[in-house]
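Report on the structure given below.
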Amino acid sequence: MCRVTAPTSRARGAADACPGVARPFSAVDGSIVRLRPAGLPVSVRALSGLLDVVAGQPDPTVLLTSRAALQLRGLPDPLTAETRAAVLATGLVPAPSHELVRNVVASPLSGLDGGGRCDVRPLTAALDDAVCAAPGLAHLGGRFLFALDDGRGDVIGGTFDLGFLATGPDRGVVLAGSQPGGWSVPLREAVRTVTALAEEFAERTKGSETAWHVDELADRLGPAPTCAISPPPQPDRPLGAVGEHAVVAVPLGLLRREHVDALWRVAETVRVTPWRSLVVEHGSRHLPALEAAGLATHAGSPWHRLHACTGLPGCSRSAIDTRALARDLAPLLPAGDFPVHVSGCERRCGKPAAAHVDVLSPPSLGAALDQIAAHSARESAHSTGSTEQEGSWT
Ligand code: SF4
């Protein structure tokens, strides 16, 4: 499937800087390190270990990202050997050579609630094994994203580079970015097909910083598509009890010691969702305890749909403390369905992939409420609305 390296459609001015243990990002408040669960369960012990790493900070937290990754900031810059060892001791970097490319979002409730067309959990594990076993895939950029959707449409509706959408218990369609059409394959062939396409991408972009995504290639990826497909509409994000299981939202995506202590009492592992929430298997009966620890467990909570980028003091690009503003905004958040994302600048880091209310660098709480009200007014006037229709997985 490999082709001769083709020219790409966009020039890049900066190198891929997605952080990892091997390549921390240097921010104004220290090093940033990102850990990638690759769609697999994360042990609560590992989450506790990450909190131990940041324990000396004034506000020690682990950030859940919109690509279902875990991020630490404010670490020593440069990263010390002691800190690096403590992060590695959590077991969240199982394949150091491929640390930066294990970017996977997978339907988090797959196999648990009967909601999909197949159980993508074995597929997710097999894809991680295959990616980490392919030396050439270590060259994928840190922004390259795999999406594995069990057919319910929860993760395939966002942006991705290579995706799989189940169409039945033993079959699905492999998709490449927003390229029209896909490749209908038996489930047993999905990993081989996805990794072959990833290897083609890696080969075509090797040694170049000009294309980070499939959609940035000048020529389409892979052979001619074998089928046309329209992704299903994105379902509501789950929260609270899902059968005997539970989904709990983490306010602002910032996981704290009290959250992890509560999780520790009810589960050994959790799944990280792309919506700053966690799936707790067999956790529905423990929802009151998880709520008491500060996790959001019902759709009426503002933390089900309110988020903010890092902002001040961690990001020098921002003129405002976005998280402080979001905390002030939470009790006043007008009723509505759309997620609300507060950004400190036009980069809009971490904005949702789905439609959302875009609150951009408001100078005050009142200005933020005005922006939300203006959005609501536009929604009322135009049923199709003016919400952001595209997002980026950051
Ligand atoms: S959106 Fe802007 S202010 Fe917010 S974290 Fe990103 S770069 Fe910083």
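The values are calculated or read from the model by the stated rules, or taken from the named source; none is laboratory data. No experiment lies behind these values; they were computed from the predicted model shown. Positions of Cβ are generated from backbone atoms using ideal geometry, with glycine treated the same way; all protein chains shown enter the neighbour counts.
When GLY344 is tested against (1) in contact (Cβ under 8 Å) with a residue 12 or more places away in the chain; (2) more than 9 Å from the ligand (Cβ to nearest atom), just one condition goes unmet, and that condition is (2). In the set PRO334, PRO274, PRO313, PRO339, only one residue is within 22 Å of PRO108 (Cβ to Cβ) and not assigned by TED's automatic domain parsing to the domain that holds ALA38; that residue is PRO339.
Can you name every residue in segment 232-255 that is of a type in the set (D, E, K, R) and crowded, with 18+ Cβ neighbours inside 10 Å? Scanning segment 232-255 gives a single hit, ARG237.
Which of the residues that make up segment 328-341 are away from the ligand (no atom under 16 Å from the Cβ) and either at pLDDT 95 or above or over 25 Å from LEU70 (Cα atoms) (or both)? Selection gives ASP328, ALA330, PRO331, LEU332, LEU333, PRO334, ALA335, GLY336, ASP337.
Hey, does segment 262-270 have a residue that's surrounded by 15 or more Cβ atoms within 10 Å (Cβ to Cβ), in a loop (DSSP other than H, G, I, E, B) and among the polar types (S, T, N, Q)? No, every residue in segment 262-270 fails to be surrounded by 15 or more Cβ atoms within 10 Å (Cβ to Cβ), in a loop (DSSP other than H, G, I, E, B) and among the polar types (S, T, N, Q).
Could you go through segment 356-367 and let me know if any residue there is at pLDDT below 90 and away from the ligand (no atom under 13 Å from the Cβ). So far as segment 356-367 goes, yes, one or more of its residues are at pLDDT below 90 and away from the ligand (no atom under 13 Å from the Cβ). Out of all the residues in segment 99-128, which are surrounded by fewer than 20 Cβ atoms within 10 Å (Cβ to Cβ) and touching a helix residue (DSSP H, G or I) at 6+ places or on another chain (Cβ under 8 Å)? Those that are surrounded by fewer than 20 Cβ atoms within 10 Å (Cβ to Cβ) and touching a helix residue (DSSP H, G or I) at 6+ places or on another chain (Cβ under 8 Å): GLY111, ALA126.
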